[in-house]
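Here the structure comes first, spelled out in structure tokens, and everything after it is commentary.
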Amino acid sequence: MRLDAPYITLFDYCVDSLRTALPDEHSPVWETSRVRQQSFQVHRDTRSILFEWLENSWHPGMPIMVEQHSYAPSDLAESVYGCANKLAHHHGGRIVKLMLAELAPGGRILGHIDQAPALREVHRCHVPIVTNPNVIFAIDHHPYYLPAGRAYELDNTRHHAVANNSKERRVHLICDILPEMPKSQAGAA
């Protein structure tokens with residue numbers, strides 16, 4: 001969703017329960033779904049744990065078919081949904097994508113602009129869980145450091161890239177919130 005700034009800070013969020021429940025980098029749960037890595041070359045250095053997934057082929061006017069994934073450990077799912085529900089409440093919308101995204105040490109997410117309506121019509125929220133100042137999130141070619149313990153909304157309609165210039169993984173909770181349609185429009189649909 002287009003914002004007036006490259007990103008905005010939404011609220012502070014304690015990530016201790018997320019960090020505690022997070023599977024280590026050797027856990028096979030990180031390899032269960034490779035949909036992002038196989039579908040998008042820019043994500044080749046990432047691994048994901050999916051919870052909810054709206055296909056990128058969705059566009060306004062289509063039914064909203066969100067695929068549920070339940071392979072994550074229950075304590076992790078509970079912590080992830082606790083955060084996601086707070087984001088959905090903050091924006092007054094519906095969770096349509098929810099995942100943990102890990103970027104390998106030295107990994108890159110190449111510069112890109114999200115094009116699909118399923119990605120542009122949502123509030124794209126990030127909650128850093130494991131990060132450090134050597135992880136650079138560039139938006140419109142300007143570097144930013146997003147510390148853990150806060151929820152952010154990013155403008156993914158702008159050029160963005162990530163470089164993990166450290167020797168440790170970077171893990172973010174990513175949650176897309178689709179705004180609720182006003183009742184006047186819902187009745188007309």
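The values are calculated or read from the model by the stated rules, or taken from the named source; none is laboratory data. Computed from a prediction, not measured in an experiment: that's the story for all the values here. As a convention, Cβ positions derive from the backbone with ideal geometry for all residues, glycine included, and neighbour counts pool all protein chains shown.
Can you confirm whether ARG34 is of a type outside the set (Gly, Ala, Ser), under 17 Å from ASP176 (Cα atoms) and modelled with pLDDT under 95?
When the stated conditions are applied, ARG34 does not pass them.
Identify, from the list VAL80, VAL42, the residue that is under 15 Å from the mean Cα position of the chain (by Cα), aliphatic (A, V, I, L, M) and modelled with pLDDT of 95 or more.
So the residue among VAL80, VAL42 that is under 15 Å from the mean Cα position of the chain (by Cα), aliphatic (A, V, I, L, M) and modelled with pLDDT of 95 or more is VAL80.
Going by the conditions given, is PRO143 buried (at least 21 other Cβ atoms within 10 Å of the Cβ) and not in a loop (DSSP other than H, G, I, E, B)?
Numbers: buried (at least 21 other Cβ atoms within 10 Å of the Cβ): no; not in a loop (DSSP other than H, G, I, E, B): yes.
In short, no.
For a quick check of your reading of the model, give me the residue pairs whose first member lies in region 133-153 and is farther than 17 Å from GLU102 by Cα and in contact (Cβ under 8 Å) with a residue 40 or more places away in the chain, whose second is among the acidic types (Asp, Glu) and surrounded by 12 or more Cβ atoms within 10 Å (Cβ to Cβ), with beta-carbon atoms closer than 7 Å and at least 6 apart or on different chains.
ILE139/ASP155
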